[in-house]
Amino acid sequence: DISPDGRRIVFAARNPRGKSRLWIASFDRRFPPRQIPSSTSDDHPVFGPGGDIFFRGAEGRSNFVFRVKENGTERQKVLPDPIMEFFSVSPDGKWLVIIAPDPDKKHPVSVLAYAVDGGKSVRICEGYCVGRWDRAGKFFYVAFSEIGNNAVPDRTLILPVPPGRDLPALLPSGSHSPEAVRRFPGVKVVDAAISPGPSASVYVFTRKFVHRNLYRIPVR
């Protein structure tokens, strides 16, 4: 993840023993890349407010969301419940987007906006999607697949967030499917799984290309 001021990057990298560690580096080379003191397996780091870094960390056989200062101090568990994946944190640090087990047998997992203060969580989608805020908190991005709940995301809804709120008034969950939400005013649809940029018209995405050729090998 890139810091709000655009000067630093935080990332996870595996050491020679295969354990994931958190690192932070400076784009302008003010300091060399340095490891953030952490536990045996930390990944998915995201910059939060107040100099915090949020990430997924292992505790026993379960994963949880933790936060830590950039120098590795004040590490603490943010949510008491175990998670499967961690995606993002709201600009004010009050909400996290995670994947967690769902007691609904029809949909064993759900993507949730989880209130850090222990309030009621909000279901973003059933199955698999990715939810993120832009830096200003004015838009919420939901990357999903129109093929099925568990397919790799290939579409993104850019949803406006009303002033004074952290989440859009409508989300592609419950009675509102992605197909229904995309027809509401102010919603933008991008035919790619994207990550937020500085505005709703600027974003980042990847393109994958496959190159194949024919080879001949001797058979003896």
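If you go through the stretch 54-79 and keep only what is in contact with a Leu (Cβ under 7 Å, 6 or more places away or on another chain) and within 12 Å of Ile24 (Cβ to Cβ), you end up with just Phe55. Of all residues in the stretch 26-34, none are crowded, with 16+ Cβ neighbours inside 10 Å, part of a strand (DSSP E or B) and either out of contact with any Lys or Arg (no Cβ under 8 Å at 6 or more places or on another chain) or on the phi < 0 side of the Ramachandran plot (or both). When the criteria are applied in full, Gly93 meets the requirement of being assigned to a loop (DSSP other than H, G, I, E, B), in contact with a helix residue (DSSP H, G or I) (Cβ under 8 Å, 6 or more places away or on another chain) and surrounded by 11 or more Cβ atoms within 10 Å (Cβ to Cβ). Against the criterion of being in contact with a Gly (Cβ under 9 Å, 6 or more places away or on another chain) and open to solvent by 40 Å² or more (accessible area, probe 1.4 Å), Pro37 qualifies. Can you find, within the stretch 14-25, the residue that is farthest from Met84 (Cα to Cα) among those that are open to solvent by 20 Å² or more (accessible area, probe 1.4 Å) and not polar (S, T, N, Q)? Applying the filter and picking the extreme gives Pro16.
Filtered by the rule that a residue be in contact (Cβ under 8 Å) with a residue 40 or more places away in the chain and in a strand (DSSP E or B), the stretch 177-202 gives Ile194, Ser195, Pro196, Gly197, Pro198, Ser199. For the stretch 63-81, taking the residues that are within 25 Å of Tyr128 (Cβ to Cβ) and modelled with pLDDT of 90 or more, the one that is most open to solvent (accessible area, probe 1.4 Å) is identified as Lys77. Number of residues in the stretch 191-203 that are at pLDDT 75 or above and either in contact with a Pro (Cβ under 8 Å, 6 or more places away or on another chain) or open to solvent by 100 Å² or more (accessible area, probe 1.4 Å) (or both) equals 3. Scanning the stretch 1-25 for residues that are part of a loop (DSSP other than H, G, I, E, B) and farther than 19 Å from Ser90 by Cα yields Arg7, Asn15, Pro16, Arg17, Gly18, Lys19. Just so you know, in the stretch 115-132 the residues that are open to solvent by 20 Å² or more (accessible area, probe 1.4 Å) and touching a Pro at 6+ places or on another chain (Cβ under 9 Å) include one that is modelled with the highest pLDDT, and it is Arg132. I need a count of the residues in the stretch 159-185 that are of a type in the set (Val, Ile, Thr) and at pLDDT 90 or above. The qualifying residues number 1. Taking Asp81, is it in a loop (DSSP other than H, G, I, E, B) and in contact (Cβ under 8 Å) with a residue 60 or more places away in the chain? Criteria not met by Asp81.
Checking every residue in the stretch 30-48 against the condition of being among the β-branched types (Val, Ile, Thr) and within 18 Å of Ser88 (Cβ to Cβ) gives at least one match. The sole residue among Phe55, Phe11, Phe87 that is more than 22 Å from Phe139 (Cβ to Cβ), touching a residue at least 24 places away in the same chain (Cβ under 8 Å) and open to solvent by 20 Å² or more (accessible area, probe 1.4 Å) is Phe11.
The values are calculated or read from the model by the stated rules, or taken from the named source; none is laboratory data. The structure displayed is predicted, hence computed values, not measured ones. Every residue, glycine as well, gets a Cβ built from its backbone with ideal geometry; the counts of neighbours run over all protein chains shown. All accessible areas refer to the heavy atoms of the entire protein, side chains included, with ligands and DNA or RNA removed. Shrake-Rupley method; radii C 1.70, N 1.55, O 1.52, S 1.80 Å.
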